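The values are calculated or read from the model by the stated rules, or taken from the named source; none is laboratory data. All of these numbers come straight from a predicted model, not from anything done at the bench. Cβ coordinates were reconstructed from backbone atoms using ideal geometry, including for glycine residues, and neighbour counts include every protein chain displayed. In case anyone asks, the SASA skips ligands and DNA or RNA and just uses the protein heavy atoms, side chains included. Shrake-Rupley method; radii C 1.70, N 1.55, O 1.52, S 1.80 Å.
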Amino acid sequence: SVTSNIKNFFYIAENIPGTVSIQVETFTQEKELHSFITEKSLQALATQQIPIIIGSHPNFIQTWLKDFDIFNDIVDHSYDVNPDYYQRLESAIDLNYELLSGQFSMLNFDQRFEHNQNYLFGRWTDENLLELVRDILNALEGTP
């Protein structure tokens, strides 16, 4: 259930060390399936970590995470525009090798982490659940 996932997110944030989280969305070649966000991508935001997220399709970060602090001043997210899924994976690591290898001096990001977490579990969730309810009602009424 959603409650279990949230409890797991908080457990990870409190007990699993690490500041950077790499999340990889599953790729599909199906043309009719559009890119969408899953709990995998939200995990970094929920657990108060710096996100490196490789989306299932290009421009995933701009599409789904534009309202979050994704640490553009620290993470090079330019990999996100690459049209090839496997090249996005490779370049995400290559472009952020220094950060991932611990060679980057970490500052205190507590306020930024907390802001992302509060926004995710507050306004962002409320707005997305409301949109889901509207979509369900429209589907039941037979309107697009």
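Suppose we filter Leu129, Leu107 for residues that are at pLDDT below 90, part of a loop (DSSP other than H, G, I, E, B), open to solvent by 20 Å² or more (accessible area, probe 1.4 Å) and aliphatic (A, V, I, L, M); which single one remains?
Only one candidate passes the filter, namely Leu107.
Restricting to segment 35-46, name every residue that is without any contact (Cβ under 8 Å) to a residue 60 or more places away in the chain and either farther than 15 Å from Val24 by Cβ or in a helix (DSSP H, G or I) (or both).
Scanning segment 35-46 gives Glu39, Lys40, Ser41, Gln43, Ala44.
What is the residue count in segment 45-60 for residues that are under 15 Å from Asn118 (Cβ atoms) and among the hydrophobic types (A, V, I, L, M, F, W, C)?
Number satisfying all stated conditions: 2.
Residue under question is Arg112, and the condition is that it be in contact (Cβ under 8 Å) with a residue 12 or more places away in the chain, basic (Lys, Arg) and open to solvent by less than 60 Å² (accessible area, probe 1.4 Å); does it hold?
Considered against the rule, which asks whether it is in contact (Cβ under 8 Å) with a residue 12 or more places away in the chain, basic (Lys, Arg) and open to solvent by less than 60 Å² (accessible area, probe 1.4 Å), Arg112 comes out as no.
Can you run down the residue pairs with Cβ atoms below 8 Å, 6 or more apart or on separate chains, where the first is in segment 69-82 and assigned to a loop (DSSP other than H, G, I, E, B) and the partner is buried (at least 17 other Cβ atoms within 10 Å of the Cβ) and polar (S, T, N, Q)?
Matching pairs, first to second residue: Asp69/Asn116; Val75/Asn96; Asp76/Asn96; Asn82/Ser91.
Filter segment 48-66 down to the residues that are touching a residue at least 40 places away in the same chain (Cβ under 8 Å) and open to solvent by less than 10 Å² (accessible area, probe 1.4 Å), then identify the one that is nearest to Gly102 (Cα to Cα).
Within segment 48-66, the match that is nearest to Gly102 (Cα to Cα) is Ile50.
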